[in-house]
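**Q** Once you've had a glance at the structure underneath, I'll fire off some questions.
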Amino acid sequence: MARWAMVIDLDRCTACQACVVACQVENNVPPTGVGEAEKGRAISWLRVVPFVDEEAHGTRPPLRLTPLPCQHCDNPPCTKVCPVQATSIDDEGLVAQIYPRCIGCRYCTTACPYTVREFNWKRPEWPEPMEQGLSPDVSIRPKGVVEKCTFCHHRLQRARDRARAENRELQEGEYMPACVETCPSGAMAFGDWDDPRSEVSRLSQSPRAFHLMEELGTEPKVIYLSKGEWGGEV
Amino acid sequence: MKLNRRRFLGFTVGATAGTALGVPVSQTLSDLVASMDPPVYPPRGPEDSVLSVCRLCPGGCGVRARRVGGRIVKLEGNPLHPVNGGRLCPKGQAALQSLYHPDRVPGPLRRTGPRGLLESFEPSSWEQALNEIGERLKLLREQERPESLIMMRGDARGTSSRLAERFMKAFGSPNDVLLHRGDEAASQALYLGQGVRTMPAYDLQSAEYVLCLGGALLEAWSSPVHTMRAYGEFRQGRPGRRGKLVHVEPRLSITAAAADEWIAVRPGTEGILGLGVAGVLIAENLYDREFGGQRTLGLDDFRDREGNFREGLRTVLARDYSLEGVSAETGVPINTILRIAREFAASRSPLAVGPRKGPLVSGSLFDHLVVQWLNALVGNIDRPGGVLVAEDVPLPPWPELPSDPVADAGRMRSRFDGVNGEEPPHHSYPERLADVLLAEYPYPVEVLMVLESDPAFLCATPERFARALENIPLVVSFASLPDDTALLADWILPEAHFLEAWELDTTPPGVPFPLASLATPAVETPLHDVRPVAQVFLDLAQRIGGTVASSFPWPDLQTLIRSDVEGLYRARRGALMGTAFDEAWVQMMERAGWWAPGYRSVDELWRGMEETGGWWDPFYDHENWRRVIQTPSARHEFRTDILQALTAETVARPMNTEDNENTEGPVDHSLALVLFEPLPIAGGRGAELPFLQGILDPGHEEGWETWAEIHPETARILGLSDRDFVRVESADGSIVARARVTSRVVPDVVAVPMGLGRRGGGRWARGTGANPLRLLSPARDPLGGPPVTGATRVRLTLVAGAEARPLPEGRV
Amino acid sequence: MEKSEASMQQDAVLLRPIEQTSWKFWVFIGILLAIWLWGMFAWLTQLRHGLEVTGLNVPVYWGLYITNFVFFIGISHAGTLISAILRLSHAEWRRPITRAAEVITVLVLFFGVGCVLLDLGRPDRALNVLKHPNFMSPLLWDVTSISIYLTASTVYLYLPLIPDIAILRDHMPKRRWFYRILSLGWTGSERQHRILEIAIATMAVLVIPIAVSVHTVVSWVFAMTVQPMWHSTIFGPYFVVGAIFSGIAAIIIAMAAIRKVYHLESYLKPIHFNNLGLLLLVMSLLWFYFTFAEFLTTYYGSEPSHMVVFLSKTEGEFAPYFWTMVVACVVIPLALLGNGRTRGTVWGTVVASVSVEIGMWLERFLIVIPSLSRPRLPFAAAHYSPSWVEWSLLASFVAMFIFLYAVFTKLFPIISIWEIREGRERSVLEVSRRVQSYLDSAVPPALDQKSS
């Protein structure tokens, strides 16, 4: 079984937020209204967030902009606390969400230390004819239910189906989330961490590799490569 | 005891019954709640993909639209397209929302009420529109006043635009106004240096040290995705080599945050810092002496053709831009300037870029000249990693216009705005146009057509522009969303969305190789009663008849594009778009002088273009000096005379010198205004899409509003807190914005984003934010350049009744 | 019979609320129902539009509803725990208090659970916790332990109620059928008394660990996450202490209310308020100890993400609430209850109790919201401002609680009649025997004669 992980190279990232919009379009996230954004209710599965680098001095820019998706932790603090098992980690390491089961208690959202989970505060609405652009692969979440980044699991299913129909194995690069596919500077990579030949595996060995809030023991599967020197072949 | 047991049994039975009843009841409730959600039907049907070209910015990215059952459900980049290689920027991803936007104009609208209101429009038909407008134009021709038709267009590249240009020529009007698109100063700088009229293309991915003088390199740069791809390679794409980026700007922009070094200079002094660096390069003999000696003119003093003595760059820099002077003006320590200059020169492949922030904040000619000169000093012209010039796309010339005395006479007349059509810049600005229209000189304007632009919004004096339009009897807008200009029109003829029309797009600015992208309609029948603008012009031409009609021998847009493709075929170069392997193959062949195209007929080319996205020629012939340097001297010229003419106008003086003169009464705490363009709303387009409104500033997605960034010191002096509403006031106008106290700007500066503040544009754009263009003085580069944004000073005052609730501690 | 007639006369005042209802009661009920109706309207608004009608946002996903949940569950420790402890320790002054306290517990538990249901995004799917339980989830521990507690408290309320229901059955003209069913054929025989006493004693012992577990698992909803200033080992005991603290205050307020309204001055005497006041004082000091320990540890450790939350409470956005809480929970109670003169008055303890309730509500608020509004990743920090829906629902819950409590007093005696009588008749002797057993064998003969 694969173990899906993502690599985000902060040295390539330009913080253009194409990944943010691609995710919203791909996953049928409803568009926010003006009032809602102000109240902090905009739904965005992936955000580019600012970190102030307090140690920066001289001419080093003190601001780091970092894409922050669900980290799909191997030891997720969120799945432990869901009272109805509406979120759980599957065999391939994806932390999944079962929308019809979720009761909207939002315990998982408060337990997540990365603040990457979202909630449907109201019924999602698409002013006509925007609903025509909805993707058929991703279910629409009703109000009162938690949602979050799924590493575009529906794309995995499609890629698997295609591979199965063609009677072959799934190949590297066939399954990648929408954000990875669209990143203009190629800052994102995705693949099977357990496959030693995959790009993700190779990049994870880079001396620039780190995880966010590693010390919490969540074992996130998003590997960041810090800005700085060239990564080096391993 | 018995009763206790009975009681216990009764309790158990009751509880079981309750639960047994409760489960189906709760299920019913769930169904009831779910039924309150509106049914949303996913698309059904066969799935395929169609290739098109994104038109939300001039970047020209190839798009692959995923289509299910006739509906477009996602846009991705076309992996074979050389501009974007399968990637899309946030605008491209959000473009799907613009196709299905709820406020798209559903069909031709005719104004029946007062100008400026959406309610004044009534639906009409294309027949009626073409009849009425056709009649009007025909009348103009009969009265031999074709010059009374003016066209304002914001694009020069697309088929619609080229057709519009031809229409004007055939009609006989010289008033084909190309509105300022943000490329002019860069092109002008390239022209002054190399004598070629085009946008410079920077080979970022082969560079190793990039000095960016204030440019938004990683934001709304000329072709954003192309540049970002190159940036990715620049950083981590070449084994063992990592490019270094040094960014010079008074604001910690997104580009600055990605850079290795952020040199915070005083506003408007980026070019001066560049000259300081140039001075060091020359003084310490670090410049490329071979290139400097053999291929430049004006480095040292010289005598021109008439025998006049002309100062060289060396002299001017040594005298006017000493290190001490530059350091004092910019606020950058001398050691830093020295270090950067030396690093720049020592790098294997240095590159200077800047100062363009976006289509609306395009940078002064002064700064662009400095950038061009820095590149020339290190010999970086037409080399890998340097300044490249794309070849033209070998499209066939369209048939000669039939001779027509009315048209000839009309074209000879001077342009209504007094701009000489031949000498660049032959583009103009909405403020200036408003002035001229109000003056009604030298002749009144009868018909105005506006396409691919929103001049009423992109104007520093929008009220004047609106008034100016009132004098024009017939105003036609081709907007697809009712934007600010469309609201002032008499007719709105909605253009088709780029996914609904054929298009042949040519090389985007900043891309160094010629290409022609073919866009196939992804939505076969447009969602609304819309037509491509090109089609409208073809139809109008037929209505007008005569020589105008015969100037357009194509029945429809697809036929026209097809004939262009025939010309591509006959050019006998280039290849279909393909993979990296294909690219390498073609380059190798062409370098050896061969042409191995992969298609053997026009049909094959056409089909190939439909399947791959288009045609291109990846071979770049470096150091072909005769092509890239076409100055009279056949050398790269350092035009120090131009520099000196520009100096006085464009630099924002530091606060001390001016303000000490008016120290009667309260001290005038005026700040320098710095404008920038977030990529999602660059060019004034994007605010209509809610997904783009949400990403204007990372970390501040709550604010669908215009904000004003000020340094904490400045805020303290002015008594302002974070999140206060402030009035930003200049000598020419004022806006209200939300203050953001942040160390992302230097003191004594207020930074305001451009792109919000529209009156039209649909429900999400309307009334959101404010337009800081109002604050600009109409001053321009003396050579007719863009409105100078660096020289405006503003005052900030707290707006009474502001909700002052700072964001929690820890928010950036 | 004569004895019982005489005793009926003596305790007539205890039965009067059940026999008579003044117009003032109906007005009072009417106001409460009006508030409740307003709350229903607020709830329907929330059902229709979703939780966007609240002030909740990203990242403050929990707000007033969860605060109220913890608060109400906390108050539930009042009755059962206090009544059980006092029973087990043979504190004779408990007699007029136990029932009033037990009713608080049973009723308020419903509202505690109600607050969680209000908070759910999909309350229609609440039964999913039974269909797909995840026993690793502290919320499910809550569901389990609160259910058990509710059952146990109901039984524990009902058992001592049986003899009183029998009295009502025998002496009340109306609703006889109701009392007959509920009295389970109580005759007052020796055997029945013995069984009842064993049952009550068993429940008293069982209920204590259950009650402790309830608020411990409520605290673990927070403590089992890794969020700053939530992930603390002290939460379990801290919440239990806080619960008992607010519970006792609730009893005092309830007692003062029924004393005033039903003229029970001869039963609920200053000494009762004094003793409860002493307990309240002890809990206040204990609460202060835990709070101080928690905050000192956090401050000393200086971990950045914890300090952001800490400072927001002590000197930042939440400082006014924090210091109000300290004053309300410690300063005012200490002043009023540390001083024997004020502690011995009804008004003294009531003022202290009201102050404690306000302070403890603020404490719940300050536990839930600051850690959420200042998450580990600073970009997400936000403000929270409860909306009218949340306040209305809080008001309606309080109104409903008072309403149900008042209805209970109209159906059943709020002071346990048979236990008062038991105290009158037997306790004096029992207590003197007990004291005798503590001392050496030389006992003044005068006392000894009373035993005959």
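The values are calculated or read from the model by the stated rules, or taken from the named source; none is laboratory data. All values derive from a computational prediction rather than experimental measurement. Cβ atoms come from the backbone with ideal geometry, glycine included; neighbour counts cover every protein chain shown. What goes into the accessible areas is simple: the full protein's heavy atoms, side chains included, and nothing from ligands, DNA or RNA. Shrake-Rupley method; radii C 1.70, N 1.55, O 1.52, S 1.80 Å.
**Q** Looking only at the stretch C:315-331, which residues are open to solvent by 20 Å² or more (accessible area, probe 1.4 Å) and modelled with pLDDT of 95 or more?
**A** Residues satisfying the conditions are C:Pro320, C:Tyr321, C:Trp323, C:Thr324, C:Val326, C:Val327, C:Val331.
**Q** Restricting to the stretch C:320-378, give me the number of residues that are in contact (Cβ under 8 Å) with a residue 24 or more places away in the chain and not in a helix (DSSP H, G or I).
**A** Here the count works out to 6.
**Q** May I pose another question? Can you tell me how many residues in the stretch B:331-353 are part of a helix (DSSP H, G or I) and touching a Lys or Arg at 6+ places or on another chain (Cβ under 6 Å)?
**A** Residues meeting the conditions: 0.
Here is a yes/no grid of residues against (1) within 7 Å of another protein chain (Cβ to nearest Cβ); (2) surrounded by fewer than 24 Cβ atoms within 10 Å (Cβ to Cβ):
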| site | (1), (2) |
| --- | --- |
| A:Val49 | yes, yes |
| A:Glu54 | no, yes |
| A:His57 | no, yes |
| A:Cys70 | no, no |
| A:Asn75 | no, yes |
| A:Thr79 | no, yes |
| A:Cys82 | yes, no |
| A:Gln85 | yes, yes |
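**Q** Among the residues of the stretch B:466-480, how many are open to solvent by less than 20 Å² (accessible area, probe 1.4 Å) and of a type outside the set (Phe, Trp, Tyr)?
**A** Qualifying residue count, the stretch B:466-480: 8.
**Q** Considering only residues that are surrounded by fewer than 24 Cβ atoms within 10 Å (Cβ to Cβ) and in a loop (DSSP other than H, G, I, E, B), look in the stretch B:200-220 and name the one that is nearest to the other protein chains (Cβ to nearest Cβ).
**A** That would be B:Glu208.
**Q** Cβ contacts < 7 Å: first residue within 7 Å of another protein chain (Cβ to nearest Cβ), restricted to the stretch B:221-242; second residue among the basic types (Lys, Arg) and surrounded by fewer than 24 Cβ atoms within 10 Å (Cβ to Cβ), any location; separation 6+ or different chain. Result?
**A** Pairs found: B:Arg235/B:Arg242; B:Gln236/B:Arg242.
**Q** Follow-up question, since we're still on this one. Taking the condition of being facing another protein chain (nearest Cβ under 7 Å) and part of a helix (DSSP H, G or I), how many residues in the stretch B:243-257 meet it?
**A** The number of residues fulfilling the criteria is 3.
**Q** Please enumerate the residues belonging to the stretch A:131-148 that are within 14 Å of chain C (Cβ to nearest Cβ) and either farther than 27 Å from C:Thr45 by Cβ or touching a residue at least 40 places away in the same chain (Cβ under 8 Å) (or both).
**A** A:Arg141, A:Pro142, A:Gly144, A:Val145, A:Val146, A:Glu147, A:Lys148
**Q** Going through the stretch B:611-635 one residue at a time, which ones are exposed (fewer than 14 other Cβ atoms within 10 Å of the Cβ) and either free of Cβ contacts under 8 Å to residues at least 12 places away in the same chain or touching a strand residue (DSSP E or B) at 6+ places or on another chain (Cβ under 7 Å) (or both)?
**A** B:Asp621, B:Arg626, B:Ala634
**Q** Which residues, taken from the stretch C:73-92, are at pLDDT 90 or above and open to solvent by 10 Å² or more (accessible area, probe 1.4 Å)?
**A** C:Ile75
**Q** While we're looking at this one, here's another question. Kindly indicate which of B:Gly274, B:Gly279, B:Gly293 is within 25 Å of B:Gln194 (Cβ to Cβ) and either open to solvent by less than 10 Å² (accessible area, probe 1.4 Å) or within 14 Å of chain A (Cβ to nearest Cβ) (or both).
**A** Of B:Gly274, B:Gly279, B:Gly293, the one residue that is within 25 Å of B:Gln194 (Cβ to Cβ) and either open to solvent by less than 10 Å² (accessible area, probe 1.4 Å) or within 14 Å of chain A (Cβ to nearest Cβ) (or both) is B:Gly274.
**Q** Checking B:Gly113 against (1) away from chain A (no Cβ under 14 Å); (2) under 22 Å from B:Pro224 (Cα atoms); (3) outside any strand (DSSP E or B), which single condition isn't satisfied?
**A** The one condition B:Gly113 does not meet is (2).
**Q** Say whether the condition of being farther than 26 Å from B:Glu184 by Cβ and in contact with a Gly (Cβ under 7 Å, 6 or more places away or on another chain) is met by at least one residue in the stretch B:503-513.
**A** For the stretch B:503-513, residues farther than 26 Å from B:Glu184 by Cβ and in contact with a Gly (Cβ under 7 Å, 6 or more places away or on another chain): absent.
**Q** Same structure again: Taking the stated definitions as given, is B:Ser517 in a loop (DSSP other than H, G, I, E, B), hydroxyl-bearing (Ser, Thr, Tyr) and at negative phi? Talk me through it step by step, then tell me what you get.
**A** Working: in a loop (DSSP other than H, G, I, E, B): no; hydroxyl-bearing (Ser, Thr, Tyr): yes; at negative phi: yes.
No: the conditions fail for B:Ser517.
**Q** Next question. Within the stretch C:146-169, does at least one residue satisfy the condition of being open to solvent by 60 Å² or more (accessible area, probe 1.4 Å), facing another protein chain (nearest Cβ under 7 Å) and either touching a Lys or Arg at 6+ places or on another chain (Cβ under 6 Å) or not aliphatic (A, V, I, L, M) (or both)?
**A** no
**Q** Can you name the condition, by its number, that A:Ala111 falls short on among (1) closer than 29 Å to C:Ser371 by Cβ; (2) crowded, with 22+ Cβ neighbours inside 10 Å; (3) more than 7 Å from every other protein chain (Cβ to nearest Cβ)?
**A** (3)
**Q** Looking at B:Leu109, B:Leu117, B:Leu178, which one is at pLDDT 90 or above and at negative phi?
**A** B:Leu109
**Q** Checking the conditions here, which among A:Pro196, A:Pro184 is touching a residue at least 24 places away in the same chain (Cβ under 8 Å), touching a helix residue (DSSP H, G or I) at 6+ places or on another chain (Cβ under 9 Å) and of a type outside the set (Gly, Ala, Ser)? Break it down stepwise before answering.
**A** On the way: A:Pro196 fails: touching a residue at least 24 places away in the same chain (Cβ under 8 Å).
On inspection, the qualifying residue turns out to be A:Pro184.
**Q** Just for helices (runs of 4 or more DSSP H) wholly inside the stretch C:76-189: which have at least 3 residues that are within 25 Å of C:Leu393 (Cα to Cα) and touching a Ser or Thr at 6+ places or on another chain (Cβ under 7 Å)? Talk me through it step by step, then tell me what you get.
**A** On the way: elements: C:77-88, C:98-119, C:128-131, C:138-171, C:176-183.
Passing ranges, in order: C:98-119.
**Q** Select from the stretch C:299-314 the residues that are among the polar types (S, T, N, Q) and either open to solvent by less than 20 Å² (accessible area, probe 1.4 Å) or away from every other protein chain (no Cβ under 14 Å) (or both) and list them in ascending order.
**A** If the condition is that a residue be among the polar types (S, T, N, Q) and either open to solvent by less than 20 Å² (accessible area, probe 1.4 Å) or away from every other protein chain (no Cβ under 14 Å) (or both), then C:Ser302, C:Ser312 are the ones that fit.
**Q** Would you confirm, using the coordinates I've provided, whether A:Trp4 is in contact (Cβ under 8 Å) with a residue 60 or more places away in the chain, among the aromatic types (Phe, Trp, Tyr), within 26 Å of C:Arg125 (Cβ to Cβ) and more than 10 Å from chain C (Cβ to nearest Cβ)?
**A** Against the criterion (in contact (Cβ under 8 Å) with a residue 60 or more places away in the chain, among the aromatic types (Phe, Trp, Tyr), within 26 Å of C:Arg125 (Cβ to Cβ) and more than 10 Å from chain C (Cβ to nearest Cβ)), A:Trp4 does not qualify.
**Q** Checking C:Ala382 against (1) hydrophobic (A, V, I, L, M, F, W, C); (2) part of a helix (DSSP H, G or I); (3) open to solvent by less than 20 Å² (accessible area, probe 1.4 Å), only one condition comes out false. Which one?
**A** It fails just one condition, (2).
**Q** Name the residue, out of A:Ser226, A:Ser185, A:Ser201, A:Ser206, that is within 10 Å of another protein chain (Cβ to nearest Cβ) and in contact with a Phe, Trp or Tyr (Cβ under 9 Å, 6 or more places away or on another chain).
**A** On the way: A:Ser226 fails: within 10 Å of another protein chain (Cβ to nearest Cβ); A:Ser201 fails: within 10 Å of another protein chain (Cβ to nearest Cβ); A:Ser206 fails: in contact with a Phe, Trp or Tyr (Cβ under 9 Å, 6 or more places away or on another chain).
From the options A:Ser226, A:Ser185, A:Ser201, A:Ser206, the qualifying one is A:Ser185.
**Q** Can you say whether A:Ile140 is more than 24 Å from B:Trp764 (Cβ to Cβ) and open to solvent by 10 Å² or more (accessible area, probe 1.4 Å), as far as the supplied structure shows?
**A** No; evaluated as a whole, the condition is false for this residue.
**Q** Quick test for you: out of A:Arg41, A:Arg12, pick the one residue that is at the interface with another protein chain (Cβ under 7 Å from one of its Cβ atoms), more than 24 Å from B:Val73 (Cβ to Cβ), charged (D, E, K, R) and surrounded by 24 or more Cβ atoms within 10 Å (Cβ to Cβ).
**A** On the way: A:Arg41 fails: surrounded by 24 or more Cβ atoms within 10 Å (Cβ to Cβ).
Of the residues listed, the single one that is at the interface with another protein chain (Cβ under 7 Å from one of its Cβ atoms), more than 24 Å from B:Val73 (Cβ to Cβ), charged (D, E, K, R) and surrounded by 24 or more Cβ atoms within 10 Å (Cβ to Cβ) is A:Arg12.
**Q** Within the stretch B:750-764, which residues are under 18 Å from the mean Cα position of the chain (by Cα) and either under 18 Å from A:Glu36 (Cβ atoms) or open to solvent by 10 Å² or more (accessible area, probe 1.4 Å) (or both)? Steps first, please.
**A** Let us first name the residues in the stretch B:750-764 that are under 18 Å from the mean Cα position of the chain (by Cα), namely B:752-758, B:761.
Hits for the stretch B:750-764 are B:Leu756, B:Gly757, B:Arg758.
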